[in-house]
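Each remark here refers to the structure printed beneath this line.
We did not get these values from a lab; they are worked out from the coordinates using the rules stated. It should be emphasised that the depicted structure is a prediction, and the values quoted were computed from it without experimental measurement. For neighbour counting, all protein chains shown are included, and Cβ atoms are generated from backbone atoms with ideal geometry for every residue, glycine included.
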Amino acid sequence: MAAPGVSLIAFTDETQSGVTSRFNVIAALTAMEPYPVNHNELNSPLGNINYAPYTPCP
């Protein structure tokens with residue numbers, strides 16, 4: 001964040017830099033799931049997903 005009294009160009013540059021760095025952090029954290037949706041955090045399978053009409057999984 002720019003200090004009071006800086007030029008408009010400096011304010012714009014520092015604001016863009018801050019937005020870009022926050023965007024990059026969010027994008028990196030949400031880019032890829034670490035394991036499939038039907039696995040737990042230890043990558044152990046939890047079974048098949050039970051889609052509608054909610055019949056028992058084999």
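Summary of values
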quantity	calculated
C-alpha long axis of helix 8-30 to longest principal axis of the chain, angle in °	10
Rough spin-label spacing in nm, given labels placed 7 Å along Cα→Cβ, for R22 and H39	3.3
Histogram of C-alpha separations across the chain, 5 Å bin width, %	4, 15, 11, 11, 10, 9, 8, 7, 7, 7, 6, 4, 2, 1
Segment A31-T12, extension gain: residue separation times 0.36 nm, minus the distance between their alpha carbons	4.1 nm
Sequence-distant residues sharing a close amide H with H39 (under 5 Å, placed H)	L46
